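Visitor: One structure coming up, written as structure tokens, with questions to follow.
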Amino acid sequence: MKILSYLLAYRRFLLIVLTPLLLLPLPLIIKTKEAECAYTLFIVAIFWLTEALPLAVSALLPAFMFPLFGIMESKQVASAYFKDFHLLLIGVICLATSIEKWNFHKRVALRMVMLVGVNPAWLMLGFMVSCAFLSMWLSNTSAAAMVMPIVEAVAQQIIRAETEADVLEMSCSNGSINLALELDENIAECESSDWKKKEKQVNGYDNDVGSTVCTIEKENEKEKKQVLKNLPPTETGRKSKKDKYSGIFKVMCLCVAYSATIGGLTTITGTSTNLIFAEHFNTRYPACQCINFGSWFILSIPITVIILLLSWVWLQWLFLGFDFKNMFKCGKKKTAREEASAQVIQKEYKKLGPMSYPEAVTLVLFILMTLLWFTREPGFIPGWSSLFPKYKGYATDSTTALVIGLLFFIIPAKTLSRTSNGENTVFGYTPLITWKEFQSCMPWEIAILVGGGFALADGCEVSKLSEWVASKLTPLGSLPLWLVILISCLIVTSVTEVASNPATITIFLPILSPLAEAIHVNPLFILIPATLCTSFAFLLPVANPANAIVFSYGHLTIMDMVKAGLGINIVGVAVVMLAIMTWIVPIFDLFTYPSWAPNISATNNTGL
């Protein structure tokens, strides 16, 4: 048993040491560049999937393995680690930093929820829409972390209001006074303090998980149960109420986690997997300029809307029951729950006060960045890039992101204000964001991870490994196209549940691109659905950071997430399959093999 415990303790170290040793026969026996590149690829892929080493550290392995194997020079490999993608990421993070710093995200989320009303179903939809909208422009993790404290506060208030209403009703019907009501008030106070602790924990301020347990709540629950034992049988239905309250917390938490992921599908910058796909595609097929911010938005916005609505229906039905008639009933008086929700949301919104100068500037720059992205090459009319006909293709989405991003470091965060005697008060010059604030938001691990993926892709091209893979995948051409797409989607969706999304897409893109070329199919036919399905990590808390943040609040079990996530996974894959076979086809003329894709011969003379 001691040996077993040692092996478990050092399993990551053993994996790091044994993986290269066990795979060593591959380059030693098959002495070709393809085998040496495959050896590097396998080691990096295993380390990424198991996270034996940090993702960014594993991504640096090609930087020294390719030069040692003679596949690429060190200068060539190094150039792969910083691409156009990284400039786009820098510009987007500048925007995200300003949004987070000046609390603009909270104003947007609360305003959207106020627009949809406080009916529980519509309230849930409001949170989903606001979180999805935020994740279109920020990282999925940031969107979930921003919205979740608001959702928690609203859910706590709903439970408190309904519990007090229920106990008061029972007290009146039995002629008893409010002992249970007093208990509920104590519980409410306890829940409020519990929420504050959990909020701190999620934001990294409190690591003591045990401190989130409330002893007062336990004591009060015992007393409350004793009181309820003396009630008539007709009133013991409160147990079902308790289950309902639990369902409210569960559905609110899950709607935030899933909408943050779903919203990220909408834009190229919404999630790292989309960015990785765009850079890989533009690097592998430079003659094709069809993937940009506008084209991706057009193909993905219907997918996002459909999946979001179906997820809303699924979660509502699974945890609360879908009362269609009650939802759309007009002129209905607000319940205690709805009144409580409205009060919390309005109170939180009032706390923000009027829109500040930094918020207004951030909003203007955000709108400007979005407009410039959409109008660069809209397709149906000439974009602003046509103003530079001599330099066609020079300006990309990263150009826009950088220009706007730099403005955040230039525009002052404060304006001159007048005192009572009419004089201007001069503040020290401080920009909207500082370099330290930018650094704290910049996902350097993702930047290096993506660079490692590009280095691997370049190595596969130089060593001819991609051509060898393509030749072996040619027999798949005999299968129906829809089946090939479905198989690739299911494989990617399964792997991304246990591996990080960026690592999964980085591994599969160099495999799926040669597959499409080998079976003589437009590469976008396979790459677009695979990229979208890589984001469908809904089953486990460890599948993506948004799930982990929501799970940390303590309202969910693993089975809750698996049960809900499985349904949304099925919905997601089905909607993506529908999209790729219908409205996406005319956007990119998918049924025609494009001239920008290479014609790879089915024969290959390599020794691998």
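Visitor: When the convex hull of the C-alpha atoms of segment 457-504 is computed, what volume per residue in Å³ does it have? The partial results should precede the final answer.
Guide: Numbers: hull volume 4.3 nm³, N = 48.
Convex hull of Cα atoms, per residue: 89 Å³.
Visitor: Listed highest first by mean packing, meaning other Cβ atoms within 10 Å per residue, what order do 268-276, 399-407 come in? Present the calculation step by step, with values, prior to reporting the outcome.
Guide: Working: 268-276: 25.7, 399-407: 19.1.
Peptide ranking by packing, descending: 268-276, 399-407.
Visitor: Restrict the search to segment 1-72; then list the trypsin sites (Lys or Arg not before Pro) that DSSP places in a loop and that have at most 11 other Cβ atoms within 10 Å of their Cβ.
Guide: Values: sites: 2, 11, 12, 31, 33; in loops: 31.
Here the sparse-neighbourhood loop sites are 31.
Visitor: What percentages make up the Cα-Cα pair-distance distribution of segment 242-285 when the bins are 5 Å wide from 0?
Guide: For segment 242-285, the binned pair fractions read 5, 21, 16, 13, 11, 10, 8, 7, 4, 3, 1, 0 percent.
Visitor: Kindly provide the chymotrypsin sites (Phe, Trp or Tyr not before Pro) of segment 429-459 that DSSP labels as loop, not H, G, I, E or B, and whose Cβ sees at most 16 other Cβ atoms within 10 Å.
Guide: Values: sites: 429, 435, 438, 444, 454; in loops: 429.
Filter output for segment 429-459: 429.
Visitor: Shifting gears a bit: Between their Cα atoms, which of 75/464; 347/436; 106/563 are more than 28 Å away from each other? Kindly include the intermediate steps, with their values, before the conclusion.
Guide: Numbers: 75/464 19 Å; 347/436 32 Å; 106/563 30 Å.
Listed pairs above 28 Å: 347/436; 106/563.
Visitor: Please identify every one of the chymotrypsin sites (Phe, Trp or Tyr not before Pro) in segment 38-110 that sits in a loop by DSSP and has no more than 16 other beta carbons within 10 Å of its own beta carbon. Walk me through the numbers on the way to the answer.
Guide: Values: sites: 39, 42, 47, 48, 64, 69, 81, 82, 85, 102, 104; in loops: 81, 82, 102.
Those satisfying the criteria are 82.
Visitor: Taking the simple approach of a point 7 Å from Cα along Cα-to-Cβ for both residue 592 and residue 478, what is their distance in nm?
Guide: 3.1
Visitor: Within a Cβ distance under 11 Å of residue 500, other residues only, what is the Lys/Arg minus Asp/Glu net charge? The partial results should precede the final answer.
Guide: Numbers: positive: none; negative: 51, 445, 497.
Net charge in that neighbourhood comes out at -3.
Visitor: How much length, in nm to one decimal, is gained on full extension between residue 11 and residue 439, taken as 0.36 nm per residue of separation minus their Cα-Cα distance? It would help to have the intermediate numbers written out before the result.
Guide: Numbers: separation 428, 0.36 × 428 = 154.08 nm, distance 3.31 nm.
Separation in residues times 0.36 nm, less the Cα-Cα distance, equals 150.8 nm.
Visitor: State the percentage of accessible surface on segment 443-564 attributable to carbon and sulfur atoms; use a 1.4 Å probe and exclude ligands, DNA and RNA.
Guide: On the way: 2870 of 3800 Å².
On segment 443-564, the fraction of accessible area on carbon and sulfur atoms equals 75 percent.
Visitor: Counting Lys and Arg as +1 and Asp and Glu as -1, what is the net charge of the other residues whose Cβ lies under 12 Å from the Cβ of residue 85?
Guide: Numbers: positive: 83; negative: 84, 279, 397.
Summing Lys/Arg as +1 and Asp/Glu as -1 gives -2.
Visitor: Using only the Cα atoms of segment 450-608, each taken as one equal point scatterer with no solvent, compute I(q) by the Debye sum, divide by I(0), and report log10 of the ratio at q = 0.19 Å⁻¹.
Guide: For segment 450-608 at q = 0.19 Å⁻¹, log10 I(q)/I(0) is -1.19.
The values are calculated or read from the model by the stated rules, or taken from the named source; none is laboratory data. Treat the numbers as computed from the prediction; the structure is a model and nothing was measured. No Cβ is skipped: glycine too gets one built from the backbone with ideal geometry, and neighbour counts run over all protein chains shown. All accessible areas refer to the heavy atoms of the entire protein, side chains included, with ligands and DNA or RNA removed. Shrake-Rupley method; radii C 1.70, N 1.55, O 1.52, S 1.80 Å.
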